[in-house]
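One structure is given below, encoded as structure tokens.
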């Protein structure tokens, strides 16, 4: 399986509910997988947040799963990649852990299994697409590909911290190889809708009225009013119309956000509330005027 050409696949799709687990992101397995694939140079995305090109062509990505052979005394698993036809493309070696607590045990086993990718120099290369014509087969995208270097897709800065979120387990910090990046990913054992907590390559300047980011920003001055819910808030405008729902996370002033056809994170940066989400494969940061 080590000879398989993974360069033909642009994305790794991470299901939020893996295998026979009863809950989404149980034992933080989805978050850990997404982080580990990012560390190996792959572009990992959750199965409910597909970029436009992947949404229209699922064969651009491989779906990750866990082959869990755990027993009472050890956590044992392999990471398996399946293509859009349900065929197995790659299977890692088996990772084993004898840690008794589930969260660190699954993290340890997944990390061991993912070392199978260390010898793979992944670099996405778009396929030549043939179309029939009167003169034979044409390759419309050939001109675009010839003479270009392979496109390396990386998500290495996706996760910097994984919250244990259960029992007396301590918080575990995982620092990417690129320590200059200021990015965090938050996860709990029961909730799984995650974006970067701190915008990548962006900052809110002191005294500025709108978010200033690196080419990806959207400011909104419409006043939104927070109405308490059992597990968070709903933000309504003056009409009144529900615009965004905020679900509590384990981090203060950080909410899982859904609304206006977007999913992401709402967090407080200084005195400013920021809604961060992906539009296709572009990271967008939008300032919100929230009245709690």
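Observations on the model:
- With the simple spin-label model, which puts each label point 7 Å out from Cα in the Cβ direction, the residue 23 to residue 225 separation comes to 3.5 nm.
- Difference of contour (0.36 nm per residue) and Cα-Cα distance, residue 67 to residue 251: 63.1 nm
- For the pair residue 292 and residue 121 in one chain, pulling the backbone fully straight at 0.36 nm per residue adds 56.7 nm over the alpha carbon distance.
- For the range 217-291, the alpha carbon positions stretch 31, 30, 25 Å along the principal axes, listed from largest to smallest.
- What the Cα atoms of the range 20-78 give is an Rg and a Dmax of 13.5, 43 Å.
- Here the residues 29, 115, ranked from fewest to most Cβ neighbours within 10 Å of their Cβ, fall in the order 115, 29.
- Between residue 83 and residue 262, the contour length at 0.36 nm per residue exceeds the Cα-Cα span by 61.7 nm.
Computed from the coordinates by the stated procedures, all read-outs in this text should not be read as laboratory data. It should be emphasised that the depicted structure is a prediction, and the values quoted were computed from it without experimental measurement. Neighbour counts run over all protein chains shown; Cβ positions are idealised from the backbone, glycine included.
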